[in-house]
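Below is one structure, written out as structure tokens; comments come after it.
Just so it is clear, none of the values below were taken in a lab; they were calculated from the coordinates. This structure is a prediction, so every number in the text was calculated from the model and none was measured. Ideal geometry is used to build each Cβ from the backbone, glycine not excepted, and the neighbour counts take in all protein chains shown.
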Amino acid sequence: MNAAVSESFQQDALEIVGTLASLRERVVAWRVAGERIAFVPTMGNLHAGHFALVTRAKARADRVVASIFVNPTQFGPNEDFARYPRTPAADEAGLQAAGCDLLFRPDVDVMYPFGLERVVRVAVPGLSSVLCGAHRPGHFDGVATVVLRLLNMVRPDLAVFGRKDLQQLQLIRYLVADLALPVEIDDAPTSREADGLAMSSRNQFLTAAQRPMAARIHQCLGEMLKAASDGTVAQAIEAAAMVGLRDAGFDPDYAALRFEDRLDESLWGPLPVDQQPRLVALIAARLGTTRLIDNLAWANR
Ligand code: PAF
């Protein structure tokens, strides 16, 4: 191959580090060189949605650091920590292709050096205990705890989170604002399959029969927002969505209509038309043993 051509397609090799010292060494060198650093935290088993976060990060910074850590403190005792899919080789190849510069893949003792029994935990009031938090006690404390650690370790200028877990995104925004962390939080649109199903590592647990059924969640979110635009009150919309999901074979945790900036407050009574652009519909529902979450904002309906 012509040298100039091969050079123009050359992507620097993805570096992989597992210790705090080697992470800091790389990041400090970039910072000294005046480079802007973006961070994409993940739990691995990466799919196109994750790679879109890396692409977005790359467009906004000189360097992109991704992390892969299946965080035990955000899983409840009966949740899927043990079966959470782990695909390190495919993740590395995908990150390399997406242009990620550095992968931080710590062991549990790097993240929690004093042991899981002695973790300093962070709790975000309000947001942690509603919607998914009401059904997964302790989950968001675990998320806040690990994200704060990761941000302290990487010290990025910018961190990118997907909108699919809107509650997580808003919780992290709150954490960053309340603790005055020097990082910008950027959100990326939800990546969807052709039938509207939000991409998720957990989709692979759906059976062949369940997979087409799963797209019903996205349709239901659209119907909830349509009903809101027709003037139906939130409680009626939420109740109808729960019935619809059950009829379609789901076991829903919630179907909720909220203001995007106040996820912890239920909406009561008729909604003023000028407030409709703040609306977001959110669903968490099980199909068999697989728990799916999704949301749709007014602007995307
Ligand atoms: O969204 C996730 O993958 C995780 O909750 C996160 C933000 C990486 C923290 O473990």
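Tabulated data
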item: For peptides 233-240, 139-146, 215-222, sequence by mean Cβ density within 10 Å, most packed first; result: 139-146, 215-222, 233-240
item: Extension gain (nm, one decimal) between A48 and T289, 0.36 nm per residue minus Cα-Cα; result: 84.4 nm
item: Sequence-distant residues sharing a close amide H with L206 (under 5 Å, placed H); result: none
item: A89/A134 FRET efficiency (R0 35 Å; Cβ-Cβ; nearest 0.05); result: 0.40
item: Span per principal axis, largest first, for the Cα atoms of the range 96-188 (Å); result: 38, 33, 26
item: Of the GluC sites (Glu not before Pro) in the range 5-80, those whose Cβ has at most 15 other Cβ within 10 Å and which sit in DSSP loop; result: E35, E79
item: Potential extension, D195-S22 segment - 0.36 nm per residue separation minus Cα distance; result: 58.0 nm
item: Inter-centroid distance (Cα atoms) of the range 52-93 relative to the range 214-274, Å; result: 30 Å
item: Calculated FRET value between E184 and E15, using beta carbons and R₀ = 25 Å, to 0.05; result: 0.60
item: Whole-Å semi-axes of the range 202-301's equivalent ellipsoid (Cα gyration tensor); result: 25, 12, 11
item: Where labels lie 7 Å past Cα in the beta-carbon direction, separation of A29 and A239 in nm; result: 6.3 nm
item: Per-pair calculated FRET efficiency, R0 = 35 Å: N78 and R262 via Cβ, rounded to 0.05; result: 0.70
item: Range of Cα positions in the chain per principal axis (Å), largest first; result: 60, 50, 40
item: Packing-based ranking, highest mean first, of 38-50, 275-287, 190-202, 105-117 given that Cβ atoms within 10 Å are counted; result: 38-50, 275-287, 190-202, 105-117
item: Distance (nanometres) between label positions extended 7 Å along Cα→Cβ at T232 and A97; result: 4.1 nm
